[in-house]
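Only one structure is covered here, and it is reproduced in the block below.
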Amino acid sequence: MSNSDEIKRIEELRDSLHRHNYNYYVLNAPEISDYDFDMLLKELERLEALHPECDDPTSPTRRVGSDISNSFEQVPHIYPMLSLANTYSVEEVDQWADRVRDGLSGQKVTVVGELKFDGTGISLIYEHGRLVRAVTRGDGEKGDDVTANVRTIRSIPLRLHGEGYPDFFEIRGEIVLPWASFDRLNAERESAGEALFANPRNAAAGTLKLQNSAEVARRGLDAYLYYLLGDNLPFDNHYDNMMAARSWGFKVSDAMTRLHDISEIDAYIRHWDTARKELPVATDGLVLKVDSLVQQLNLGFTAKSPRWAVAYKFKAERALTRLRFVSFDVGRMGIITPVANLEPVLLSGTVVKRASLHNADIMRTLGIHEGDMLYVEKGGEIIPKITGVDVDARPEGARPVEFVANCPACGTPLVRVEGEAAWVCPNKYGCPPQIIGRIEHFVGRRMMNIDGIGEETAAQLYEKGLVRNIADLYDLTPEKLLGLEGFARKSAERVVDGITASKDVPFERVVFALSIPYVGETTAKKIARTVRSLDRLMEMPAEQLEAIEDVGPRIAASIVEYFASPVNREVVERLKQAGIRTEMPEQENAGPVSDALAGKSVVISGVFARHSRDEYKAMIERHGGKNVGSISKKTDFVLAGENMGPAKLEKARSLGIPIISEDDILSMTGEE
Ligand code: IVH
């Protein structure tokens, strides 16, 4: 690569890593595997070392992700929460052990071997044997205070047992969602038409950030602890400290063990490479730590990770199996996804029969032929993917598998959206899987929240001609449903009750429920809050739509096209007549609806049960109050939820500022 190519590549890598970082830490929706991410990061580190003139403090190599969301109070970490350097082979681990020994001038080193749990990191603070605070990793310097949610995790002691613990200490570990809870949660989400969690890590991170601790408790999180920090620890080595922590009531994995030389380290790695498949929780590797705290101190840290520890990442599990045929799924937006149907093969404890081939480009790059032997991989992700072809095993005369030219469901010639990898069936109003998919989406929990209609029922309703578009749902009666498989009087009545109740679903969810291409949940909210009425939205020209935050030319054009269709206009007209909400209520318009809080400065702190923080903020403004960020003499009162930060509490008390609860504010504003 020439010099200028390298510099260009640095920028490309930074852009792409920033995006992947955001997908991973903020959205909890990674698009690439951890391994691929690490490879990109390594490439960037290498190029940056060659080009010191490109130094940039905002480079992805300089930071450790961020998972901060707005709804929890941010708390600084006492000790920064760093990450671990990764290795992918026994050789690299051996090189790390050599570096450690060199760094300690050849001293004898004992290493502690541990599992690397694939969940979300947590820092717990204990004072006088009681849990006082739980904070996520955040950006490594500060994280979100999630104490209220963490308290619901049964394996985390709220009061310690035994004796010998310091008055004040921190313990770190990983919050995980065990496979059994993960499977149950995804099964529930599937039947509710909600998006599935890709892996237990995302599910654990998402659950920990829920506003509703009761729901957190229900999901069945668990926690393994692996790092004790503080000034007065009972022992001078990591292993004994962790065993002490176990005696105080913490869950410390049985896999934690002392390793005395390279051969024991190698044997440990070989053992867990297979034994981990039997574990009840997801792991993505092992962690090796220098046992002696004095040696840890001497080795110290680099900017990002300790020199005294290293992660060994398991290779994604891979199997080789024969392709039976490629089928093509049709999504609710008409997007065609090629799927490899395989000879069943055992992979990470489950039998795999289908794996996504994503799109025509990926399929072509793989160069799949009929009857090929394919490599299937399952990393941390739950959906297996095809990663390669064993070309040597190709049957003689096998023909390449072609992407379909026509929709497999309705036969319409496919079209390709400019600049995108996806092929789409344009027969929006006549292609059954698209219509059924839209019905399923409409009734989903985050949309109209109509219980009792899953994929199968939606298909039955369509096939029996009872529901041919979303507006037809409002003509259903218990009698009509009784004709369907699996319905009894009670369940039929429940569905119809759910349909009636859906008329009260807020307008912003109605906008999302309509399945306007490219309009996701967040965009739908922004559109609803800005435009405030379906009638206005239907007539809005593209230029005006583009003035809305997050709406670019592509989304604007898609909205205009959606409402230009006579079919959609008729459906919307019928939905209006059925009585669903097609407007944002007046009281949510700017401007106070009362002066109950006129002139009052209010600080909000903590987690709330009945409304979100943002809703309380809007409520305060509607009633003439002002939201302020920090407590001062001028603050009139503090609205406190569960788990208000101790610093804020102290400050409010010392200034004599009243602290009110959410019930108080609801009765003060009359919004009960
Ligand atoms: S020790 C300073 N031990 O992996 C080192 N981390 O990639 C602190 N993790 O952020 C971490 N299992 O969330 C450590 N047995 C284990 C671990 C572990 C999982 C996570 C942790 C950390 C990440 C680093």
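Filtering segment 151-163 to residues that are polar (S, T, N, Q) and within 16 Å of the ligand (Cβ to nearest atom) leaves only Ser155. Have a look at Ala180, Ala134, Ala187, Ala148 and point out the one that is more than 16 Å from the ligand (Cβ to nearest atom), among the small types (Gly, Ala, Ser) and crowded, with 19+ Cβ neighbours inside 10 Å. The unique qualifying residue is Ala148.
The set of residues in segment 269-306 that are open to solvent by 20 Å² or more (accessible area, probe 1.4 Å), hydroxyl-bearing (Ser, Thr, Tyr) and closer than 28 Å to Pro200 by Cα contains only Thr274.
Listed by position, the strands (runs of 3 or more DSSP E) enclosed by segment 266-340 that each have at least 1 residues that are more than 16 Å from the ligand (Cβ to nearest atom), within 30 Å of Arg438 (Cα to Cα) and modelled with pLDDT of 90 or more are 317-330.
Here is a yes/no grid of residues against (1) over 24 Å from Leu537 (Cβ atoms); (2) in contact (Cβ under 8 Å) with a residue 24 or more places away in the chain; (3) in contact with a Ser or Thr (Cβ under 9 Å, 6 or more places away or on another chain):
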site	(1), (2), (3)
Cys431	yes, yes, yes
Gly444	no, yes, no
Asn449	no, yes, yes
Ile453	yes, yes, no
Thr457	yes, yes, no
Ile470	no, yes, yes
Leu482	yes, no, no
Gly486	yes, yes, yes
Ser491	yes, yes, no
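List pairs: first in segment 648-660 and open to solvent by 70 Å² or more (accessible area, probe 1.4 Å), second at pLDDT 85 or above and polar (S, T, N, Q), Cβ under 8 Å, 6+ apart or cross-chain? From segment 648-660, the pairs are Leu655/Ser632; Leu655/Thr635. Quick check, is Asn427 on the phi > 0 side of the Ramachandran plot and surrounded by 15 or more Cβ atoms within 10 Å (Cβ to Cβ)? Taking the combined requirement at face value, the residue does not satisfy it.
Against the condition at pLDDT 95 or above, more than 27 Å from Phe37 (Cα to Cα) and away from the ligand (no atom under 16 Å from the Cβ), how does Thr110 come out, does it pass? Judged against the criteria, Thr110 is a match. Residues of segment 226-249 that are open to solvent by less than 10 Å² (accessible area, probe 1.4 Å), closer than 23 Å to Thr152 by Cα and either part of a helix (DSSP H, G or I) or within 16 Å of the ligand (Cβ to nearest atom) (or both): Met242, Ala245.
Per the listing Ala187, Ala223, Ala205, Ala198, the residue uniquely outside any strand (DSSP E or B) and at pLDDT 90 or above is Ala205. For segment 76-96, the count of residues that are more than 23 Å from Gln296 (Cβ to Cβ) and within 16 Å of the ligand (Cβ to nearest atom) is at least one. Scanning for something within 16 Å of the ligand (Cβ to nearest atom), open to solvent by 30 Å² or more (accessible area, probe 1.4 Å) and either outside any strand (DSSP E or B) or of a type in the set (D, E, K, R) (or both), does segment 164-172 turn up at least one residue? No, segment 164-172 has no match at all. Those helices (runs of 4 or more DSSP H) of segment 469-538 in which 3 or more residues are buried (at least 17 other Cβ atoms within 10 Å of the Cβ) occupy 489-501, 507-513, 521-531.
The values are calculated or read from the model by the stated rules, or taken from the named source; none is laboratory data. The shown structure was predicted, so the numbers you read here are calculated from the model rather than taken from an experiment. Cβ sites come from the backbone with ideal geometry, for glycine too, and all protein chains shown count toward neighbours. Ligands, DNA and RNA are stripped out before the accessible areas are found, and what is left, the full protein with its side chains, is counted by its heavy atoms. Shrake-Rupley method; radii C 1.70, N 1.55, O 1.52, S 1.80 Å.
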